Every structure is written in C-alpha cells, then in structure tokens.
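As structure tokens, the structure follows; a few thoughts come after it.
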Amino acid sequence: MSNTSVRLTMGAAALALGALPMSAGAETLTISWWGFNGDKLNEYIVQPFQEKCGCEIVFETGNSADRLGKIQIRGGAGVDLIYLPDSFSQLGIEQGLFQPIDRSKIPNISGLYEMAQAPQGEYGPAYTLGRVGIVYDSAKVSEPITSWADLWRADLAQSISLPGITTTAGPMVVMIAGQKAGVDAFEDADPAFAEIEALKANVVKNYNTGSEMINLFSTGEITVSLAQDFALGRLQDAVPTVVWAELEDGDIATLNTINIPIGAEKVELAHEFINFVLDPELQKTLAENGVDAPAVASVELSPEAAAGWTYGAEQINSLKRVDYGAMNAAKEAWIERWNEVFGM
C-alpha cells in the first residue's frame, strides 16, 4: 500500500459498498479499517448505521502498520475511529495517538466479556476476540499435539513452520520458548533463545502471511504450524485433515480494538458508532455470517455458527493475555536475535 491516503466513500468498488443517498450537509464519520469483508460490512454495519445517524461513513484502508503510521504522521488527526489488533493499538497508546473513551456513552461495553471491556485501560474496547494456537495435519501427525512444548518433539523434525518474528504471532514464539525454559522471556531472553535454537531442527521455514502458511500445508512441506483462528477455515478447505490442537496450557488471546484518535473531529458520533457495533444482536448477526467472533458475553450461537470462532466463556477465560507494552519494549532485540538463529 502506498503512503498516499486511500479514502473510500460508500460507492467505492474496492470495498464493494453501496452508498445511501445523503444530503449535502450530512455529517461524515471517517473510519480507518482493513477494507476486507466489504459487502458484509456494508449490509450489517454501514447501511444500518447511516440510516440511524443520518450521516455518511468514509473509509481509510490499508494494513495496520500503514494506517497507524498515517495517524502518527498527521499528529493523531485525519480519522475519527481506527480498527487495530491490540498489538498495534498498544503502539498507538504509547505514541499518545489515542484519547480515552467515555464509557458512559457506550453502555454496550458492560455486556462484553471482561477481557474485552478495557483491554488497554481507559482506551477503546475489543469488538471481537481471537486466538493463536497450533494447527496440525492429523493424517500425518500420529500423536496428537496437546501442549506448546510438543513443538520440540523429535517426531516433528523438519515439519513445522513458524510465523515470522515481525508478524502478530511471531514474538509469541519467544514467549512460548521462555515458558518451556521456565523463564519470563521479557525478563531473561537468553534461555528462551536457547530453546528457539533447539527448535530450529523442527522448522522448515518461517511464514509471513496466512496464505503462505496454507500453501506450505497444501504442498506437504509442513504438517504443523502456529496460526490465528481466522485462518482455520481456509486452511481446512485446502487440507481437510488439519485440526486445531487442544492445548492443555491454553491458546493465546488476540483482540481487535476500536479507538478514537486524539485529533478526531466527530468524537460524539465515534462513541455512538462504537456502541452500535457492540450491540448484542448485531454481534450475533456478524458471527452467524462469518464476519467476526462475538465479544458480547450474552451472544448464543449454534454449534455450526460457533465453529472456528473463539467463542464461549470457558474458551475465552482459558486464553493467555500478552503484555504488549513489555513486548514492544523487547521486540527490537528479539528480532535481531531471531534473525541470528534463522540466518535472515
């Protein structure tokens, strides 16, 4: 994506979103968002919210790093809301780019799982919950994988792909290696990287996109990988025998957040929008139609609708949280050491 801001109104073909007729003086809400699932976003969120508020929604799209970078360059201005994974929203908080939200204006926050209500203090909530875990081809891995430490098993030699260190899940490998070594990798990285050096014998290559990881499974180059849950459906379409490992020591939580930048012009409308997307009925509809897992605790899904989502109190309460403040402080040194291990 170029550094030029991409502003997409509701008629833009790139998002496949159709505009409602708006009066010349209609208020505009500008949202920074990834830009996928355009048709469903339009049907379930954009069109209904525009009808409700009599406003027009405009999008700025791109990957998380690009979009956060644009807000930083503009000194916190340019958009009224920004969707980000919690690893990137933590960076925005540390850079002073977001403002605290007024929870009195977002009553639906109280219905979220506790993890989602205030994942980063006084800033925005999580509107959906996900997880990072292990996936493996059950037709080729004879003994089920039941813990993170199983990645080091001798029978998995030259069969694993790890996420690259600069991806969302990559730094989590260092945390997991620290756990295996019996240390906190944020406090003492040496034992963690000794374990990563030992793990190297099992690793075919590091991947940087979900599509790359899926291709490695499809060609038979790997039988095991770390993955985010949103990739599971596409992975199983490609290789039906791939399963999500049930780890006795728990998967790792990923949260997608909504924040209001410090230079937002439509702060009141931004709060109204956040409350709208946290509505229990809307959250149920989005989950049933393959958009996002629900963050609202009261949402009940059929087994078919829940399949593949991070869903339900038991599963959500078992997830490990990441201290992204500590991770951001450690990441630069970790990247250097990781590249030394894998010769990058």
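Values quoted throughout were computed directly from the atomic coordinates according to the rules given, and no laboratory measurement underlies them. Keep in mind that this is a model prediction, so the values were computed, not measured. Ideal geometry is used to build each Cβ from the backbone, glycine not excepted, and the neighbour counts take in all protein chains shown.
List of remarks:
- Loop-resident sites, segment 237-270, for GluC sites (Glu not before Pro), counting at most 13 other Cβ within 10 Å (DSSP): Glu246, Glu248
- Taking Cα centre as origin and charging only the Cβ of basic (Lys, Arg, +1) and acidic (Asp, Glu, -1) residues, the dipole magnitude of the chain rounds to 660 debye.
- Label-point separation, Lys205 to Asp39 (7 Å along Cα→Cβ), nm: 3.3 nm
- Projecting the Cα positions of Thr167, Ala192, Ala65 onto the charge dipole of the chain (unit charges on Cβ atoms of Lys, Arg, Asp and Glu, taken about the Cα centre) puts Ala65 furthest along the positive direction.
- Model label points for Val341 and Val267, set 7 angstrom from Cα along the Cα-to-Cβ axis, are 4.5 nm apart.
- When the charge dipole of the chain is built from unit charges on Cβ atoms (+1 for Lys and Arg, -1 for Asp and Glu) and taken about the Cα centre, the candidate among Gln99, Pro240, Thr223 whose Cα reaches farthest toward its positive end is Gln99.
- Residues considered: Leu247, Leu112, Leu68. Largest GNM mean-square fluctuation over the chain, using C-alpha springs under 10 Å, is found at Leu247.
- Which listed pairs, of Lys52/Lys284; Lys70/Lys284; Lys105/Lys320; Lys284/Lys320, have C-alpha distances above 27 Å, in listed order: Lys70/Lys284; Lys105/Lys320
- The modelled label-to-label distance between Thr146 and Glu51, using points 7 Å beyond Cα along the C-beta direction, is 5.1 nm.
- Normalised contact order of segment 187-304, rounded percent, pairs of Cα under 8 Å and 6 or more residues apart: 11 percent
- Computed over Cα pairs, the Kirkwood radius of segment 33-132 leads via Stokes-Einstein (0.890 mPa s, 25 °C) to a diffusion coefficient of 164 µm² per second.
- Prolate/oblate/rounded label for segment 226-344 (Cα gyration tensor, a/c 1.5): oblate
- Kirkwood hydrodynamic radius (C-alpha pairs) into Stokes-Einstein, segment 160-293, 20 °C and 1.002 mPa s, D in µm²/s: 121 µm²/s
- Couplings 3J(HN,Hα) for segment 66-73, derived from phi with the Karplus relation 6.51 cos²θ - 1.76 cosθ + 1.60 (θ = phi - 60°), are 4, 5, 5, x, 5, 5, 4, 4 Hz, where x marks Gly and Pro.
- Added length on full extension, which subtracts the Cα-Cα distance from 0.36 nm per residue, Ala333 to Arg153: 62.1 nm
- For segment 283-290, 3J(HN,Hα) per residue [Karplus equation, 6.51 cos²θ - 1.76 cosθ + 1.60, θ = phi - 60°, Hz, x = Gly/Pro]: 4, 5, 4, 5, 5, 5, 10, x
- Cross-link reach list, aspartates and glutamates versus Lys331, counting only Cα pairs under 17 Å and skipping chain neighbours closer than eight places: Asp86, Glu94, Asp184, Glu187, Asp188, Asp190, Asp323, Glu340
- Cβ-derived FRET efficiency at R0 22 Å, Asp249 paired with Glu314, nearest 0.05: 0.90
- Cα gyration tensor, segment 122-205 - rounded (a/c under 1.5), prolate or oblate: oblate
- For the chain, the longest principal axis of the C-alpha atoms and the axis of helix 189-199 are separated by about 70°.
- The alpha carbon centroids of segment 192-227 and segment 233-285 are separated by 25 Å.
- With a Förster radius of 25 Å applied to the C-beta separation of Phe276 and Arg103, the computed FRET efficiency comes to 0.95.
- For the options Asp292, Asp150, Asp229, a Gaussian network treatment of the chain with springs between C-alpha atoms closer than 10 Å singles out Asp150 as fluctuating the most.
- For segment 57-133, GluC sites (Glu not before Pro) are listed when DSSP marks them as loop and at most 12 other Cβ atoms sit within 10 Å of their Cβ; the list is Glu122.
- With an a/c value of 1.5 or above and a/b larger than b/c for the gyration tensor axes a ≥ b ≥ c computed over the alpha-carbon atoms, the chain is described as prolate.
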